[in-house]
Each structure stands twice: as structure tokens, then as C-alpha cells.
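Below you will find the structure I want to go over with you.
The values are calculated or read from the model by the stated rules, or taken from the named source; none is laboratory data. Source: prediction; values computed, not measured. Every residue, glycine among them, receives a Cβ derived from its backbone with ideal geometry; neighbour counts consider all protein chains shown. For the accessible areas, the whole protein counts, side chains as well, though only heavy atoms, and no ligand, DNA or RNA atoms are used. Shrake-Rupley method; radii C 1.70, N 1.55, O 1.52, S 1.80 Å.
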Amino acid sequence: MRTTFEQRLVANLRVALAGMPDLAITRTRGRIFVRSTGPTAAAVAAIARVFGVISVSPARQVRPAMEDIQ
């Protein structure tokens, strides 16, 4: 049941994000990640409107070095 829900949620996210360039959606351990190389404000707004999304947490991936983290 959970897998079916997650698959449907990913499908709904793909529809909501259609037309936005450079996006990748992945499922890992019950979490859904949307990766983007471009601006994220419009994607965050679209994701937040999808039924079943509880929260959206924008993040930036950096190297594990203190100067990059700060």
C-alpha cells in the first residue's frame, strides 16, 4: 500500500512539475527527493500544492568542507 501511494505521489509530482527544466525525482527510504540545477522557487511552490505532500524542505548539496557549509 505504501509503495503504491509513493508511486502515485511521484506521478503527481511529475505532472505538477511538467515543463520545468532540469528536475529529477527519486524515491529513497520513504522520502521523495526533487533535485534541480536551476531556480527552485517555482518548483517548491508547485510541490507544496500537490495532494499528499506534507512538507517541502529546500536544501543545497555541498562538499563536506566547513567553508562550503558556512
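For Leu23, what accessible area in Å² do you get when you roll a 1.4 Å probe over the heavy atoms of the protein chains, rounding to the nearest 10?
Surface open to solvent at Leu23 totals about 50 Å².
Could you do me a favour and compute the accessible area per residue for the chain, 1.4 Å probe, result in Å²? The partial results should precede the final answer.
Working: 5870 Å² over 70 residues.
Here the residues of the chain average 84 Å² of exposed surface.
Heavy atoms only, probe 1.4 Å: what % of the accessible area of the stretch 18-70 goes to carbon and sulfur, would you let me know?
54 percent
Among 44-52, 59-67, how do they line up from the highest to the lowest mean number of other beta-carbon atoms within 10 Å?
Taking the mean over residues of other Cβ atoms within 10 Å, the ranking is 44-52, 59-67.
Sticking with this structure for a sec: Once you keep just the Cα pairs under 8 angstrom separated by 6 or more residues, what percentage relative contact order results for the chain? The partial results should precede the final answer.
Values: 48 pairs, mean separation 17.3, N = 70.
So the answer I get is 25 percent.
Give the residues of the stretch 49-64 whose amide nitrogen is closer than 17 Å to a point set 7 Å from the Cα of Ala11 in the direction of its Cβ.
50-53
Using a basic spin-label model with each label point 7 Å from the Cα along Cα→Cβ, how many nm lie between Arg35 and Ile54?
Modelled inter-label distance: 2.4 nm.
Now a separate question. Tell me, what does the Kirkwood hydrodynamic radius of the chain come to in angstroms if you use every pair of distinct C-alpha atoms?
Hydrodynamic radius (Kirkwood, Cα pairs) of the chain is 13.3 Å.
Hey, with R₀ at 35 Å, roughly what FRET efficiency would Ala18 and Gln61 work out to, going by the Cβ-Cβ distance, to 0.05?
0.90
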